[in-house]
Each structure stands twice: as structure tokens, then as C-alpha cells.
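Here's the structure, in C-alpha cells; my notes come after.
Each reported figure results from applying straightforward, stated rules to the coordinates on display, with no laboratory input. Just so we're clear, the structure is a prediction, and the values are computed from it rather than from any experiment. Using ideal geometry, Cβ is built from the backbone for each residue, glycine included, and neighbour counts are taken over all protein chains shown.
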Amino acid sequence: MISYEKELNIIKRANRLRSRKIYDDKLIDLASNDYLGLASNKEIFKKAYKRVLKENSTSPKASILVNGYTTIHKKFEEKLCKVNKFKSGMVVGSGFLANISLIESMVRSKDILFIDEQYHASGMLATKLVQGKVIIFKHNDFNDLEEKLKKEDLSRTSRVIIAIEGVYSMGGDIAPKEFNNIALKYNTILLVDEAHSSGVIGRNLLGWFDYWDITPKKNHIKMGTLGKAYGSYGAYILASKEIITFLENRAKPIIYSTAPSLFDIALGYESLKYILKNKKVLVKKIKKNKKIVKDILDISSDSLIVPIVINDNKKVLSIQKELINKGYIVGAIRQPTVSSAIIRMIIKLDIKNKDLKKICELLKY
Ligand SMILES: Cc1ncc(COP(=O)(O)O)c(C=O)c1O
């Protein structure tokens, strides 16, 4: 009655059992989402630490709507709005909470949410909580989205929301600009999860809107995370003033959860400043890493995510183990995260060219 043994055995038999492991810190890391290598930048860390020490209280202590909101949060929101050209913004505890906040609160009973089939698990979970209608469209397929939009009686709908990711976490592919054209044509809200795109794509490394040169308007929402290219932890939502005010009043993970950590936000702020200041060098290095992968593995990636399809759960695990023995760590991603097993290699900017070339050679066979 109280055992989960049967379920666990099913997972084990399919070679899908996951477990927490502490990997050797000295392994060359091509598994994490620390795209720019900022997680080991001690100068950024020290600046954030000094900033937090200036505060009387170094922890948020309460919800952002009670008295957990501080100047550190506010200044970061203002900087994000300014550089991303959004009217308003709000920091949130994590990307997972941000997706639950947005989707659960915004898709009301007469609304329709159209969501990409490969949208992150947090967004998919939130679709189970909404009162409105949810329609899933084929991955990155704007034609499928438009066909599905045409089938709905939009005159009986209050709002339509389209949810996409800027760069998809497993395939590393970018959402086409056409999604923005469709959002304009059908007067919909466009929500872009930029977990894997902000800090990685665009002329100013700001992400999807920057990459496609789209000036944010009232219907746009950008959700960005700090746990990836920004080398910290947490998230933010940028949108119109009205949408941010609505979230303050309706989004449960924002109202009923302690405000984001002051240190994590200060670290995100320092990372943002670092990225903007060093964008030319970073963009050059991103190009260089992509070229190495293209030259050796003949894989063109839109981002710093390089997926290598293996299609065999046992095999991805053995490839990962072999690479660990040689000093490298890559992701061995299996179902349900992906439909068939992949090696997920992140070509982080702190990896030396000679190491990147070596691992590509190793993966060639
Ligand atoms: C696309 C996407 N959205 C949201 C999240 C959740 O962000 P966080 O790790 O900050 O909770 C992740 C990753 O973890 C992600 O890959």
C-alpha cells in the first residue's frame, strides 16, 4: 500500500532511472547551462557579495508583496526593462515558478492558450491548472499554429496567448520570427520563455527579441532565467505595466512565496552588466565555438546547445561514462525529457579550444 517499488522497477527496466550525483569538479563541464562560464567568475561574485553586504537585512524575509521587496530587486528590474525595452518587470524565484505564475494566472476561463509541444515541463504542468482551453501545436511549426488558430471561434474568446521558447532547451533551435507575425495578425499575447536564449543569441546577447530585432510591444512577455547564462539562480518577467500589475495580484507563486534571494539577484545584475560590457568578445567566442563543432562534427547549432541523437538509453549512458573517464562531462538525456535519447553537449565559453576540439573528435565515432 505504501510502496513505490513497482513504479521504480518500471523506470529502472527502461534505463530511465535518474539519481543525484556529485561529479568531480575537475571534469571539463559540457553538461551545464552555464553558457558563458560566469558561474566560476569570482570577480562578478565578489561584486554581488559587496552589494548585498550594504543592506541591513541580507535575506528577503517575506513575499515580494509584503516587505520582501528591496532596492536590489527594483534596480535589477529597472535595468532589465531599460536594456530589453520593456515597460515593466518583476523578479521571480525561479523560471519554473515564473512559468507556473504566468500560465496559471493568465489563461482565464474564456481564454485560449496555444503552446509549443516542446515547451518546458513547468509550462506544461501549468496547463493542467488552467480554466481556459489549451491547444498544443507542433514544435516550432507556425503553419500548424495558424491552422489551429483558424479553427477556433476567436470572437467568443477573451484572449489568445501563444507560448514559445526563444531557444529550445534540448534541440537548441530558435523559434522563427513568424510567431511574432502571427501574434500581431491575430492580436494575441506572445509569451517567450528565454531561459536558453537570453545571454546567448542576439546582437546584444539579450535573446529572442534582440535576435529578430523585434521591439517589444504591449502584447509581448519575456520570461528570462538567471540559472543559465547569468550564472546565478532566479528569474524575471518583462511585460506591459498592466500585465505585471495583474501578476502581482493574481499569480500565486509570486504572492505566496518568499521574494527571490538578494544575493542571487545581485549576482544576476552583475552578470547582466558584464555581458553588456563584454558582448563583442562573447559574440566572437560563441561564433568560434560553433565553428569548431561544425568543422569536426558537421553539426550547425543556432545556440550553444549541441544535441547528438543516439536513440538508445543504454548507449547514451555508456558514452557519458566513457567521456567522464577521459575528463569530460556531457548530458545523457533520456525520456521523458526527450522522445529519444540524446547526448546534450553545451559548448560553454570557458572551455578551451583544444578541449572542445578533443571532445568533438571523441564524439565523432
Ligand atoms: C525552457 C526552460 N524554462 C524554464 C526553466 C526553469 O527555470 P529554473 O531552472 O530557473 O526554474 C528551464 C530550466 O530549468 C528551462 O529549460
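Within region 25-49, track down each residue that is farther than 22 Å from S261 by Cβ and free of Cβ contacts under 8 Å to residues at least 60 places away in the same chain.
D25 - this is the single residue of region 25-49 that is farther than 22 Å from S261 by Cβ and free of Cβ contacts under 8 Å to residues at least 60 places away in the same chain.
Just the residues that are farther than 21 Å from A239 by Cβ and either polar (S, T, N, Q) or touching a Cys at 6+ places or on another chain (Cβ under 9 Å) (or both), please, taken from region 152-174.
Once the filter is applied, which keeps residues that are farther than 21 Å from A239 by Cβ and either polar (S, T, N, Q) or touching a Cys at 6+ places or on another chain (Cβ under 9 Å) (or both), region 152-174 yields S155, S169.
Can you name the residue in region 136-180 that is buried (at least 20 other Cβ atoms within 10 Å of the Cβ) and of a type in the set (S, T, N, Q) and, of all such residues, is farthest from R108 (Cα to Cα)?
Filtering first and then ranking leaves S169.
Any residue that is under 20 Å from the mean Cα position of the chain (by Cα) and away from the ligand (no atom under 16 Å from the Cβ) - is there at least one of those in region 169-179?
Of region 169-179, the ones under 20 Å from the mean Cα position of the chain (by Cα) are 169-177, 179.
Narrowing further to those that are away from the ligand (no atom under 16 Å from the Cβ): 176-177.
Yes, some residue in region 169-179 is under 20 Å from the mean Cα position of the chain (by Cα) and away from the ligand (no atom under 16 Å from the Cβ).
Just one of (1) in a loop (DSSP other than H, G, I, E, B); (2) of a type outside the set (S, T, N, Q); (3) surrounded by 22 or more Cβ atoms within 10 Å (Cβ to Cβ) trips up I44, so point out which.
All conditions pass for I44, except number (1).
Mind telling me which of the residues I342, I347 ends up being β-branched (V, I, T) and either free of Cβ contacts under 8 Å to residues at least 12 places away in the same chain or touching a Pro at 6+ places or on another chain (Cβ under 7 Å) (or both)?
Details: I347 fails: either free of Cβ contacts under 8 Å to residues at least 12 places away in the same chain or touching a Pro at 6+ places or on another chain (Cβ under 7 Å) (or both).
None of the other options fit; the residue is I342.
Among the residues of region 334-365, write down those that are closer than 21 Å to L38 by Cβ, out of contact with any Leu (no Cβ under 7 Å at 6 or more places or on another chain) and of a type in the set (K, R).
Matches in region 334-365: R344, K352.
Is there a residue in region 88-96 that is surrounded by fewer than 21 Cβ atoms within 10 Å (Cβ to Cβ), of a type outside the set (G, A, S) and under 29 Å from I347 (Cβ atoms)?
At the first step, the residues of region 88-96 found to be surrounded by fewer than 21 Cβ atoms within 10 Å (Cβ to Cβ) are 88, 94, 96.
When the remaining residues are screened for being of a type outside the set (G, A, S), the result is 96.
Cutting the leftovers down to under 29 Å from I347 (Cβ atoms) gives us 96.
Yes.
Looking at region 180-205 only, could you name the residues that are in contact (Cβ under 8 Å) with a residue 24 or more places away in the chain, charged (D, E, K, R) and either more than 16 Å from the ligand (Cβ to nearest atom) or at positive phi (or both)?
R203, the sole residue that qualifies.
How about region 1-35: which of its residues are closer than 30 Å to I347 by Cβ, surrounded by 11 or more Cβ atoms within 10 Å (Cβ to Cβ) and aliphatic (A, V, I, L, M)?
A14, L17, L27, I28, L30, A31
Select from region 224-256 the residues that are in a loop (DSSP other than H, G, I, E, B) and closer than 21 Å to V107 by Cβ and write down the one among them that is farthest from the ligand (Cβ to nearest atom). Let's see the steps before the verdict.
Of the residues in region 224-256, the ones in a loop (DSSP other than H, G, I, E, B) are 226-234, 240, 251, 256.
Among the residues that remain, those that are also closer than 21 Å to V107 by Cβ are: 240, 251, 256.
Values: S240: 21, A251: 15, Y256: 17 Å.
Per the stated criteria, the residue is S240.
Name the single residue, out of those in region 110-131 being more than 10 Å from the ligand (Cβ to nearest atom) and touching a residue at least 40 places away in the same chain (Cβ under 8 Å), that is surrounded by the fewest Cβ atoms within 10 Å (Cβ to Cβ). Write out each step before concluding.
From region 110-131, those more than 10 Å from the ligand (Cβ to nearest atom) are 110-117, 124-131; that's our starting set.
After this cut, where a residue has to be touching a residue at least 40 places away in the same chain (Cβ under 8 Å) as well, the list is 110-116.
On the way: K110: 12, D111: 18, I112: 22, L113: 24, F114: 25, I115: 22, D116: 25.
Filtering first and then ranking leaves K110.
When residues of region 1-19 are filtered for being within 32 Å of the chain's Cα centre (by Cα), in a loop (DSSP other than H, G, I, E, B) and more than 24 Å from G331 (Cβ to Cβ), how many remain? Outline the logic, then answer.
Residues of region 1-19 that are within 32 Å of the chain's Cα centre (by Cα), as a first pass: 4, 7-19.
Okay, now just the ones that are also in a loop (DSSP other than H, G, I, E, B), so 4, 14-19.
Going one step further and asking which of them are more than 24 Å from G331 (Cβ to Cβ), we end up with 4.
Within region 1-19, residues that are within 32 Å of the chain's Cα centre (by Cα), in a loop (DSSP other than H, G, I, E, B) and more than 24 Å from G331 (Cβ to Cβ) number 1.
Which ranges mark the strands (runs of 3 or more DSSP E) fully within region 260-365 that have 3 or more residues being farther than 30 Å from K42 by Cβ?
305-309
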